[in-house]
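First comes the structure, then the notes that go with it.
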Amino acid sequence: MVGEGVLHECLNDQRIASVILLNRRSAGITHPKVKELLMDNLFEFTGNEPGLNSIDACFYCLGTTSIGKSEEDYLRLTNELTLKIAKALLQFNPEMTFCYVTAKGTDNSEKGTTMWARVKGKTENELAKMGFRHFFAFRPFMLTPTKGLRNSHDFYKYINWLFPLGRLLYPEGFCTLKELSLAMIHAGYQGYAKQVITPTDMVKLAKK
């Protein structure tokens, strides 16, 4: 859902000349800006694939649930795969900005009791040390989907009515997918004073 929302805003931004989608299967998008790089096994990604040596920013939206997974499996998909792709891209794009979609509650101490939060924290910490021109960790909590897109989770149909109230009472936890997407684009262009981007920051960045 997040990846589709970010792509939607990238295609509407006149500053962005091209978008390369790294996917396991086609997103089914036909657009003059879009090129797809499809790989059955993303662990085989090298960064040396065609068209990847002039990237300004990576918007890393790949993720998986921790439900039903062992810590070893979740670590492999969330930490090891992310770092492998990031290192490969950085090798050929040393001035690149890396925007990583993580989650509110991420544990940068890596010592908490919640498995997914420790793994996300470990991933954030290692990405931050990697040497990107800029690294930003985007930590959404509750997102209002962008209307008209295909990949919104069904449960949003039943809880959308909560968002106006939630945003009023708990602004640190609520933003729209559009705001998250615009915030990533603007951080890619302009940078930001904070490395960890909360929903409140996303709203501010989206307005720039």
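The values are calculated or read from the model by the stated rules, or taken from the named source; none is laboratory data. Since this is a predicted model, take the numbers as computed values, not measurements. When we count neighbours, we look across all protein chains shown, and the Cβ atoms used for this are built from the backbone with ideal geometry, even at glycine. Accessible surface is based on the protein model in full, side chains and every heavy atom, while ligands, DNA and RNA are left aside. Shrake-Rupley method; radii C 1.70, N 1.55, O 1.52, S 1.80 Å.
Some observations on this one:
- Residue in the stretch 148-183 that is modelled with the highest pLDDT, counting only those that are in a loop (DSSP other than H, G, I, E, B) and charged (D, E, K, R): Glu172
- Looking only at the stretch 1-26, and only at residues there that are open to solvent by less than 30 Å² (accessible area, probe 1.4 Å) and touching a Leu at 6+ places or on another chain (Cβ under 6 Å), the one that is nearest to Tyr189 (Cα to Cα): Glu9
- Check on Met1, in contact with an Asp or Glu (Cβ under 8 Å, 6 or more places away or on another chain) and under 26 Å from Ile197 (Cβ atoms): no
- Scanning the stretch 58-76 for residues that are of a type in the set (A, V, I, L, M) and in contact (Cβ under 8 Å) with a residue 40 or more places away in the chain gives Leu62, Leu75.
- When residues of the stretch 50-75 are limited to those that are charged (D, E, K, R) and touching a helix residue (DSSP H, G or I) at 6+ places or on another chain (Cβ under 9 Å), the one least open to solvent (accessible area, probe 1.4 Å): Lys69
- Where Gln91 falls short, out of the listed (1) in a loop (DSSP other than H, G, I, E, B); (2) surrounded by fewer than 15 Cβ atoms within 10 Å (Cβ to Cβ): (1)
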